[in-house]
Structure formats: C-alpha cells, structure tokens
Amino acid sequence: MLVIPFPSARLLSNSQAGRILKRVRDGLCMITDGPSSLTDANEDQLWLPVRVSSVTDKLLPDLHLYWADHPGVQWLASFPREQSKVLYTDSSSGAPLGILLRHGKGSMICLATSFDSILGQGYSRFSTLGNAIVRGLKCRPMFRRNAIDAYFDPGFRYDLPIGKLAAIVRQWGIHAVHAAAWYRYDSPPYDYSR
C-alpha cells in the first residue's frame, strides 16, 4: 500500500503520477488526499466548497465524525461512478468527501481534503480511515497479535453503540481497551459501567 499525502502529491509531475497510477492498475493499493495530478488523472474533479461539521462514514453508517472547525471543503463532484464507492459524505448535503476507486487490478482511496490539517497527526479528519483500509482496500497487516491494548476517547465515539464498538475491537484482535475517564458530559452521557 502506498500513501501519498497532499504535500507530496501536489509536487508530482504528470509523468510521475502516470507511473504511480500504472502501478495501481497493476494491483497496488494507494491512498491520497486533496487535489493533485493523481486525482486529476482519475477524472476526479473538485467542486465548490461545502461547509462541513459532520461527516458520515458509509462503511459505519451509525457513526458520524465531527469536525469542530467547520472547514470549507471542495467535495468530489465528478468521478467514475461505476468503478467507485463513496466512503465519506458531508452529513448535511450528502456531498462525497472520500471515495474508493477501483483502478485496474488495484484500488485507491481519494479524500477531498487533507488527512489532518488540525493536529498534523493524520487522524483528526478521517479517524475511521483504518477501517476503510481494511474493509475497502482489503489490506491486512502482515502480522497480528491478540494481546494489544488500545486507548479510547469516548468523546469521539458516542454515536457508535458500545456493543458494536466492542465487536469491532474484538475483530481487530485488541486484547484490552482503556477508556479515558475525563469524558464527563451529560449530553450525550457515556455508559462507563457497561
């Protein structure tokens, strides 16, 4: 799997982008964000910005991702629909913000905006991208260990029922989850006892 974030993707020449896309057609999986020669070559076209505060993850439709800064995002307006699956949409308008595109033998995830323009750590915008990689791109880690501990912030996951979250965690092979104890909001409350 190849990940090409926007700061690198925007520097690619058309020739370089063409060589990368040939590798995707030959079976490579790739992820990129924002407009670049990689998305231009795939006929992805960005449209007028939409103000985004809530994003629906189409693979986890009960879960909504909240973007506190409400950025204006140029959504993906034109892409080959018969070879694509919409992964993320703006919850209000339904505008596509992320797609899975089948390209020959390979696949790509194209995101309309950057992975993380807030924290710079790669997860503030599309925190469920790991799930899209496993379920959409069918990429699996080369190794697995069923003794991993994870740390969980319930402030970002109150939309997902605890039972469903537990099933996902078990499927991923996580042994123990440490829930952050600082989430003290009444609305919505978090069921720590469960």
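The values are calculated or read from the model by the stated rules, or taken from the named source; none is laboratory data. Quantities reported herein were computed from a predicted structural model and do not represent experimental measurements. Note: ideal-geometry Cβ built from the backbone for every residue, glycine included; neighbour counts use all protein chains shown.
Data for the structure
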quantity: Those residues of the stretch 105-126 which are surrounded by 13 or more Cβ atoms within 10 Å (Cβ to Cβ), farther than 20 Å from SER36 by Cα and in contact with a Gly (Cβ under 9 Å, 6 or more places away or on another chain), in sequence order; calculated: TYR123
quantity: Leading residue by the ranking (modelled with the lowest pLDDT) among those in the stretch 40-58 that are in contact with a strand residue (DSSP E or B) (Cβ under 8 Å, 6 or more places away or on another chain) and surrounded by fewer than 16 Cβ atoms within 10 Å (Cβ to Cβ); calculated: GLU43
